[in-house]
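Every number here is computed from the coordinates shown, using simple stated rules; none is lab data. Values in this document were obtained by computation on a predicted structure and should not be read as measured data. Cβ placement follows ideal geometry from the backbone for every residue including glycine, while neighbour counts extend to all protein chains displayed.
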Amino acid sequence: MRLQVALDVLDLPSALTLAGQVADHVDILELGTPLVKAAGIAAVSAIKAAHPDKLVFADLKTADAGELEAALAFEAGADLVTVMGTVDDDTIRGAVAAGTKYGKQVVADMIGVVEGRVARIREVSKLGVAFVEIHAGLDEQARPGYSIDQLLADGRAAGVPFSIAGGVKVDTIGSVREAGAVVAVAGGAIYNAADPGAAAAELKKHATR
Ligand SMILES: O=C(CO)[C@H](O)[C@H](O)COP(=O)(O)O
C-alpha cells in the first residue's frame, strides 16, 4: 500500500518545507484543497519541480467542468487529480478524458457520501477513474463518535480499488492496509507531529508491513 501525505498548509513555502521533511518516506505528495486555493495552481508546479521523483496529487475536489479543471492540474505537473464522486457523471467523465489526454490519473473523492456509498463507489469506478477515495472530511471527523471503521467496511464491500482518507494515523494504518486499500492518505498525523519526517517514516513502516 502506498502512503500519501496531505500537505494541508496554507502557503507554498510551508508546503515546500513539509514536503522536504517527508518526501523520503512517502509515495505521493498531495497539495490539499486549501493550499491550492491559497497558493494557486502554480504551487503544483513548484512541488513537482522540487520532487520530480514523487507522484504529485492535486486535491482540486472538482465539482463541475471536470475536463477543464483536471487539465489545469495536469498542465501544472500533477500526476493525479480529484473530482468529487457525487457530481454529474459527465463531470467525472470529463476529468477522465483530460487524464487520458495527458497520460495522468483521476481519483473520485467520496467525501460527504455516507448513505449508499458502496453503490456510488461502484458506479464511479466504472467511469474510468484510477481509484476511489473513501473519505471522511475534517468536519465529519470532528463530530463525536467518528470512526474510520465504516470507511474500511465500505472499501472491503465495494470490491474496487480504493484509498482511505479521514484521520489515518499510526494506530489505524494497519487496518487500512488489511482492508485492501491501494493508498492511505495522512494529513494531520504528519503535519501536526513534532517531527513530521519521523511520523511519516513510522506510518510508512505500517503501510508496507
Ligand atoms: O482532503 C482532506 C480534507 O478534505 C484532507 O487532506 C484529508 O482528509 C487527509 O487529512 P487527515 O489525515 O488530517 O484527515
Given points 7 Å out from each Cα along the Cα-Cβ axis, report the Asp149 to Ala63 separation in nanometres with one decimal. 3.2 nm
What is the local net charge at Ala201, summed over the other residues whose Cβ is closer than 12 Å to its Cβ (Lys, Arg +1; Asp, Glu -1)? -1
Given the Cα-Cα distance of Ala157 and Val114 and 0.36 nm per residue of separation, how much length would full extension add, in nm? 14.1 nm
Length-normalised contact order of the chain, Cα under 8 Å, at least 6 apart, in percent, tallies to 20 percent
How many nm is it between the label spots at Lys37 and Asp195, if each spot is 7 Å from the Cα in line with the beta carbon? 3.4 nm
Would you kindly derive the ³J(HN,Hα) couplings of region 141-147 from the backbone phi angles with the Karplus curve 6.51 cos²θ - 1.76 cosθ + 1.60 (θ = phi - 60°), listing them in order in whole Hz, with x for Gly and Pro? 4, 6, 6, x, x, 4, 9
Amide H of Gly167: which non-local residues (sequence gap of 5 or more, or other chain) have their own amide H closer than 5 Å, using H built in the peptide plane? Gly187
With a 10 Å cut-off between alpha carbons and a GNM built on the chain, which of Gly77, Gly20, Gly94 moves the most? Gly20
Dimensions (Å) - region 99-209, Cα atoms, principal axes, largest first: 40, 36, 25
Averaged over all viewing directions, the convex hull of the alpha carbons in region 39-99 casts a projected area in nm² of 3.7 nm²
Roughly what would the spin-label model give for Ala49 and Val170, points 7 Å off Cα along C-beta, in nm? 3.6 nm
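If the viscosity is 1.567 mPa s and the temperature 4 °C, what translational diffusion coefficient in µm²/s does Stokes-Einstein give for region 1-49 when Rh comes from Kirkwood over Cα pairs?
After rounding, the answer is 122 µm²/s.
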Stick to Cα atoms and the Kirkwood definition of Rh, then tell me Rg/Rh for the chain. 0.94
